[in-house]
């Protein structure tokens, strides 16, 4: 059986047997590592929203890589992260920066030791300290271990400018941006009727953070959301997911010199 059939999407590391993992490892696959958080996302989205969005993006990227005859696998999601801004809300589980970095470092080095040299971080948790920690760690691993880990970063200007107006406003936590993406990733988990009843929260989250806010409530998010959740739609989610998939594929292609054709419909 050709690898394109044997390892067709969804191809997840934890679902393989060790002989299958050995066979796939020989193909030098791109490992897509979804990253999320366990944090409040308004009264209408689940605590695992970031993880679900990353998993959806990883799968969409894998489908496109498969169409380009490039092998890949999806690693287990890292769902615990630094998420201090939501710490006032029930269910939020926040790691310290040190523990979060140690966890990610350990996973990446273990993947390298296991013979997987191409790892792409697929991240949907946008807390500034979390993003900064990833960037620093990626640079350190390259210097200290000659390990190249690619990080498609949607907060980078060239990608951020392609996303929705709400996203670019900086006030999009659990708003139309994330709610729309969840309507594609896990529609059954979105409390749609509640989302449609939520008023717009125009508080400028990033401006409040720059002014010293350290929690969502301090930034004006009394219900752990910002933006316009009532305006969310699956159509917007599909459009955003396509843009984010382009970001992931382009970054992978640039990092390892791979030829990845323009996206086609899955």
Need the full-extension length gain, residue 222 to residue 23, defined as separation in residues times 0.36 nm minus the C-alpha distance. One decimal, nm. 66.6 nm
Over the chain, the sum of -39500 (n - 2.57) across DSSP H runs of at least four, divided by residue number and rounded to 500 deg cm²/dmol, gives at 222 nm -13500 deg cm²/dmol
Most fluctuating of 109, 121, 59 in the GNM of the chain (C-alpha, under 10 Å) is 109
Over the Cα atoms of the range 204-266 the radius of gyration and the largest Cα-Cα distance (Dmax), both in Å, equal 17.7, 46
Roughly how tilted is helix 97-113, in degrees to the nearest 10 and between 0 and 90, from the longest Cα axis of the chain? 20 degrees
Could you sort 217-223, 9-15, 27-33, 173-179 so that the peptide with the highest average Cβ count within 10 Å comes first and the rest follow in order? 173-179, 27-33, 217-223, 9-15
Can you tell which of 113, 154, 67 shows the greatest fluctuation in a Gaussian network model of the chain with Cα springs below 10 Å? 113
Report the full-extension gain for the segment residue 113 to residue 189: residue separation times 0.36 nm, less the Cα-Cα distance, to one decimal in nm. 23.7 nm
Let me test this: with uniform point scatterers at the alpha carbons of the chain, what is the Debye-based log₁₀ I(q)/I(0) at q = 0.10, 0.13, 0.17 1/Å? -0.49, -0.83, -1.36
Determine by what factor the alpha-carbon radius of gyration of the range 1-106 differs from 2.2 N^0.38 Å, reporting the quotient. 1.26
When 55, 5 are arranged by how many other beta-carbons sit within 10 Å of their Cβ, fewest first, they go 5, 55
Can you order the peptides 89-96, 127-134 by their average number of other Cβ atoms within 10 Å per residue, highest first? 127-134, 89-96
Ranking of 142, 262 by count of other Cβ atoms within 10 Å, fewest first: 262, 142
Fewest-first ordering of 153, 50, 69, 204 by Cβ atoms within 10 Å yields 69, 204, 153, 50
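Values quoted throughout were computed directly from the atomic coordinates according to the rules given, and no laboratory measurement underlies them. In this text the structure is predicted, and so the values were computed from the model without any measurement. Cβ sites come from the backbone with ideal geometry, for glycine too, and all protein chains shown count toward neighbours.
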